[in-house]
Structures are given as C-alpha cells and as structure tokens.
1. Name the single residue, out of those in region 234-253 being among the small types (G, A, S) and either open to solvent by less than 80 Å² (accessible area, probe 1.4 Å) or touching a Ser or Thr at 6+ places or on another chain (Cβ under 9 Å) (or both), that is modelled with the lowest pLDDT.
2. For G231, only one of the following conditions fails: (1) outside any loop (DSSP other than H, G, I, E, B); (2) open to solvent by less than 50 Å² (accessible area, probe 1.4 Å). What is its number?
3. Just to be sure before I move on: is D249 farther than 20 Å from I155 by Cβ and without any contact (Cβ under 8 Å) to a residue 60 or more places away in the chain in the structure I sent?
4. Against the conditions (1) among the aliphatic types (A, V, I, L, M); (2) open to solvent by 10 Å² or more (accessible area, probe 1.4 Å); (3) modelled with pLDDT of 90 or more, where does I40 fall short? Just the number, please.
5. Does region 242-255 contain any residue that is assigned to a strand (DSSP E or B) and farther than 28 Å from A39 by Cβ?
6. Which pairs do you get when a residue that is more than 18 Å from R98 (Cβ to Cβ) and modelled with pLDDT under 95, found in region 54-67, comes within reach of a residue that is β-branched (V, I, T) and assigned to a helix (DSSP H, G or I), reach meaning Cβ atoms under 7 angstrom, with the pair 6+ apart or on two chains?
7. Test L150 against the stated conditions and say whether it is aliphatic (A, V, I, L, M), out of contact with any Phe, Trp or Tyr (no Cβ under 6 Å at 6 or more places or on another chain) and touching a residue at least 60 places away in the same chain (Cβ under 8 Å).
8. Which residue is surrounded by the fewest Cβ atoms within 10 Å (Cβ to Cβ), if the candidates are limited to region 84-121 and must be hydroxyl-bearing (S, T, Y) and at pLDDT 90 or above?
Amino acid sequence: MDADTSAQLDTGTPHPARVYDALLGGKDNFAADRQVADAIRANPAGEIGPLANRDYLRRVVTFLAGEVGIDQFLDVGTGLPTSPNVHEVAQSVNPAARVVYVDNDPIVLVHARALLVGGTTSYVDADIRDPETILAHARVTLDFHRPVALLLLAIGHFLDDEDDAYGVVRRLVDALPPGSYLAMSHLTGEFQPEETKKTEAMYKAQGMTLRARTKDEFTRFFDGLELVEPGVTLTHRWRPDALDRVPADTPGEQAPGYGAVARR
C-alpha cells in the first residue's frame with residue numbers, strides 16, 4: 001500500500017465496499033467492517049442478498065455483452081474484486097470489451113492498481129455523488145459516441161434523499177449515447193420493514209448512509225428509459241440460469257433486492 005493510500009485509509013470506520021467484502025467472505029476488510037457484517041448476518045438476508053446480487057451481476061453483464069453486443073461498461077461502486085467481476089464476465093464474451101471501474105475506497109484503489117488496470121480496463125477514484133468527475137475520467141477509456149452500459153449495482157441505496165439520488169443517476173444516464181443501457185440493483189425494505197429500519201439505523205450510527213427503497217421508488221430511476229424484460233423484479237428472478245447460487249424461488253425476504261435493465 002502506498003503512502004497516499006495509507007494516509008487516506010481509516011481502518012476504524014467501516015466502508016460499504018469492505019462490509020460487502022466481509023459479507024461475501026472476503027479478506028480485504030477490517031474489524032469495524034466485520035462488526036457491521038456480523039450484525040447484518042443476524043438476518044439471513046444479510047448473506048443471501050449479496051450472493052444474489054453477484055449472480056445478478058454475472059447474468060446482466062453476460063446479457064449485455066452477449067445478446068445486446070455492448071462492449072463498453074462503466075461500473076460505478078465496483079467494490080473489491082470478488083471474482084467473477086465485470087471485466088472477467090464481459091471479456092469472456094468479448095475479449096476487446098472495455099471496462100471502467102469507479103469507487104472511492106482506498107483499499108479498492110490498491111486492488112485496482114494491482115489487478116484491474118490494463119489496456120482495456122481502468123479505474124476511477126471518485127464518489128458516485130460526483131458524476132462529472134466520473135464521466136470525465138471514463139471518457140479516457142470509453143468512447144461515448146458508441147453505446148455504454150452503466151452499472152449501478154448495489155450502490156443506489158447508499159445515496160440518501162438529501163444526496164439527490166435520482167438527480168445523480170439522471171446526470172450519469174443523460175451523458176450516455178443512444179442505445180446505451182442502465183443496469184441497477186437496490187436494497188428494498190418491503191419484505192422486512194422493521195429489520196430494514198434497524199439496519200439503516202446501524203449504518204447511520206457507523207457514519208454510513210443506507211436508504212432502502214420500495215419497488216415504485218426504485219422504478220423511478222428508469223423514468224424515460226425502455227425496460228428490458230422482465231422489467232423490475234427481484235434480482236434473483238431477473239433471467240435466472242443454472243449457475244445461480246440463489247434459486248429463483250427463494251422468498252423475497254431472504255434476498256430483498258430489486259434489479260432492472262433499461263435501454264436509453
């Protein structure tokens with residue numbers, strides 16, 4: 001780890017990317033992150049939900065790179081490189097696919113420099129709340145004259161209402177050329193409202209934001225876009241396949257996240 005990264009890293013404060021890593025059984029996290037992860041695991045959805053989201057990521061990228069033919073991906077809120085990640089999935093379909101990862105955790109930056117950066121894959125150190133910086137750096141690797149897939153997977157629920165969540169997403173989407181796609185996944189509290197409120201409060205107590213949204217609230221992110229079948233549904237029910245670790249008949253309270261893909 002370089003000096004700049006060490007200076008930025010606060011191991012005593014949990015970070016969503018590292019909490020997610022802990023939930024997935026990764027090793028790139030600290031005691032503060034594991035404390036939050038352990039509390040989340042008290043609810044079975046705490047472990048099943050992240051697995052469902054990873055399955056969803058694989059299916060979405062495979063669909064976009066294969067059936068649609070998208071060869072450029074902008075993954076905002078990438079988190080730590082839990083395999084298979086976006087570039088691995090996309091480049092298994094099309095080796096020339098280009099991927100730009102975006103995150104603001106110094107640990108993610110270390111991994112990005114070591115593992116992810118190459119001729120067709122790059123990393124932007126930025127916060128989703130700063131779309132202009134993300135887009136400016138993404139244009140170095142991606143050609144915004146051709147369709148781009150914008151991936152906002154398990155990141156929207158870290159934007160509170162005060163962050164202008166819908167406006168942030170709209171600014172990113174509006175910068176995409178016609179024929180581009182938006183793919184999102186998002187935590188919902190509809191199945192376990194009381195448990196979700198407790199989790200939101202726990203994140204707030206740790207200095208983090210967590211804002212679960214209803215199906216209708218999630219669907220608003222796609223206003224003006226053309227939803228791909230099956231539209232807005234639970235992530236583990238979006239075009240399920242034989243490789244999924246979370247079966248499609250899993251109850252919503254065990255995998256409480258919505259997902260959708262839409263064309264601009």
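The values are calculated or read from the model by the stated rules, or taken from the named source; none is laboratory data. Since we're looking at a predicted model, the values are computed, not measured. Counting neighbours? That spans all protein chains shown, and the Cβs are built from the backbone with ideal geometry, glycine included. Ligands, DNA and RNA are excluded from the accessible area calculation, which covers all protein heavy atoms including side chains. Shrake-Rupley method; radii C 1.70, N 1.55, O 1.52, S 1.80 Å.
1. Initial filter on region 234-253 (among the small types (G, A, S)): 242, 248, 252.
Those still in the list that are either open to solvent by less than 80 Å² (accessible area, probe 1.4 Å) or touching a Ser or Thr at 6+ places or on another chain (Cβ under 9 Å) (or both) too: 248, 252.
Numbers: A248: 97, G252: 94.
The qualifying residue modelled with the lowest pLDDT is G252.
2. Looking at each condition in turn, G231 falls short on (1).
3. On the way: farther than 20 Å from I155 by Cβ: yes; without any contact (Cβ under 8 Å) to a residue 60 or more places away in the chain: yes.
Yes.
4. Unmet for I40, out of (1) among the aliphatic types (A, V, I, L, M); (2) open to solvent by 10 Å² or more (accessible area, probe 1.4 Å); (3) modelled with pLDDT of 90 or more: (3).
5. Looking only at region 242-255, we keep the residues that are assigned to a strand (DSSP E or B), and these are none.
Within region 242-255, none of the residues are assigned to a strand (DSSP E or B) and farther than 28 Å from A39 by Cβ.
6. Hits for this filter: zero, empty list.
7. Working: aliphatic (A, V, I, L, M): yes; out of contact with any Phe, Trp or Tyr (no Cβ under 6 Å at 6 or more places or on another chain): yes; touching a residue at least 60 places away in the same chain (Cβ under 8 Å): yes.
Taking the combined requirement at face value, the residue satisfies it.
8. By that ranking, first place goes to S92.
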